[in-house]
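Note sheet for the following structure.
The values are calculated or read from the model by the stated rules, or taken from the named source; none is laboratory data. Values in this document were obtained by computation on a predicted structure and should not be read as measured data. Note that we place each Cβ from the backbone using ideal geometry, even for glycine, and neighbour counts take in every protein chain shown.
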Amino acid sequence: MTGATPRERATRLELPRRALVVGLARSGQAAALALARRGVKVIGADRGEPDTGRLAAAGVELRLRTEEEALLQGVELVVKSPGVPGTAPLVADARRRGVPVWSEIELGYRLLGGTPLVAVTGTNGKTTTTELLGAIFRAARRPVEVAGNIGRPLSGLDGLDPDTWVVCEVSSFQLEDIHDFHPRIAVLLNLEPDHLDRHESFDAYRDAKLRVFENQGPGDTAIAPRGFGPLPGKGRLLEFDRADPLPAEPAIPGVHNRENAAAATVAARAAGIPEDAIALALRSFSGVPHRLELVRERDGVRYVNDSKATNVAAARVGIAAFEAPLRVILGGSRKGETFTALADDLSARPATAYLIGETADEIGSALESAGVSFRRFGELADAVRAAAGEARPGDVVLLSPACASYDQFRNFEERGDAFRRLVEELS
């Protein structure tokens, strides 16, 4: 529709006759099912053998991604799961053929039509801020759904009341292939080096994150840290800072969480939420699993699950949240980061590191240079047992890996659940 705004085009979505969904994890399955429910002939392609019972029951044709040439025959749209890089041969071939490639959030946004959307992105704090915003809307008795990179995929939302808002956590992977995705309120929390194994440079990562603003118009709101600099799009800029006055002090501890609360407060005000509801939610919101989650206190030792710290910046925030001596479990799969700054932080305080995963040698080299005591372990269970055995009353045993989890676990949630179970089993 020539001359239409992204929001107008979203409310007039013309569905393809045949679509290919590449990657069948949670968001890919949601996209395939959403299209199939609307009468689209859907092919679902994955490298492995995911749990596809619901897809087969919905009439989705299941194929392996190795059949690349045949998969694109007659396809009018490719929907790419966030875990699939844009350089994947099947995706690159679709672009060469002129077949549109959408991210799952692009599809979800278009299927939702004119539903008002708050999109939250940044390197760290996305999940906490998204859930806090959901709590603020609920405190104001405003209908809200929390979705996106957290919990329910955007394309899995159906039959929403017209007054419902959606608060959506969005990652750089999801933002790579947006076209019309247009949040009424877009929030950037922070930017630190992350996912450099995928984006190859910080500039490319930054550009992907900032795409959240690019389709905004003068009636929309763009929220960023004070002094961040110019943003794409034409949204009205509002800024926040951790020192901003708030309607109430947040219940969740740490200066990083005060910054998250400041961002959420600005976004809530932009959505018309009254101050008393914001204050109520700030005082009552207790945080999210796997982010500085106190699992247990045993013999005077606190055990804290910070498995969501999947990059160096997040782990540094977790470490800074405690003044007590630390026994910190670090390591996992590579993301292209260096560990010098993390080692420097640990060298300035009483700390011992317990290293796991494929990055153990790299982290160990940085710690050795900084004079930090450490030991290497193959598995998380061995590291937990060693840390528990050496901890003294007043210590904190902290899982804050500074790395992704894919060398040993399916995701950071599974890693955090394993830590929680191991701690609960200590006798």
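Scanning the range 374-405 for residues that are surrounded by fewer than 13 Cβ atoms within 10 Å (Cβ to Cβ) and in contact with a strand residue (DSSP E or B) (Cβ under 9 Å, 6 or more places away or on another chain) turns up 392, 393, 394.
Please specify each residue of the range 261-282 satisfying the condition of being farther than 21 Å from residue 224 by Cα and either buried (at least 19 other Cβ atoms within 10 Å of the Cβ) or not assigned by TED's automatic domain parsing to the domain that holds residue 140 (or both). Hits for the range 261-282 are 277, 281.
Residues in the range 372-410 that are over 19 Å from the mean Cα position of the chain (by Cα) and among the basic types (Lys, Arg): 375, 376, 385, 392.
Can you pull out the residues in the range 9-63 that are of a type outside the set (A, V, I, L, M), part of a loop (DSSP other than H, G, I, E, B) and at pLDDT 90 or above? Answer for the range 9-63, where residues must be of a type outside the set (A, V, I, L, M), part of a loop (DSSP other than H, G, I, E, B) and at pLDDT 90 or above: 16, 17, 23, 38, 39, 59. Among residues of the range 280-297 that are farther than 17 Å from residue 124 by Cβ, those with a Cβ under 6 angstrom from a residue that is modelled with pLDDT of 95 or more and surrounded by fewer than 19 Cβ atoms within 10 Å (Cβ to Cβ), sequence gap 6+ or separate chain, pair up as 282/248; 283/248. Residue under question is residue 338, and the condition is that it be in the same structural domain as residue 407 (by TED's automatic domain parsing), part of a loop (DSSP other than H, G, I, E, B) and out of contact with any Leu (no Cβ under 6 Å at 6 or more places or on another chain); does it hold? So residue 338 fits the description; yes. Selection of the range 374-418 for residues being under 20 Å from residue 320 (Cβ atoms) and not in a strand (DSSP E or B) yields 387, 391, 394, 395, 400, 401, 402, 403, 412, 416.
In the range 229-245, the residue that is nearest to the chain's Cα centre (by Cα) out of those that are surrounded by 18 or more Cβ atoms within 10 Å (Cβ to Cβ) and assigned to a loop (DSSP other than H, G, I, E, B) is 231.
Residues in the range 348-370: is at least one within 18 Å of residue 314 (Cβ to Cβ), among the basic types (Lys, Arg) and out of contact with any helix residue (DSSP H, G or I) (no Cβ under 6 Å at 6 or more places or on another chain)? Yes: one or more hits.
Filtered by the rule that a residue be among the basic types (Lys, Arg) and within 16 Å of residue 334 (Cα to Cα), the range 347-384 gives no residues.
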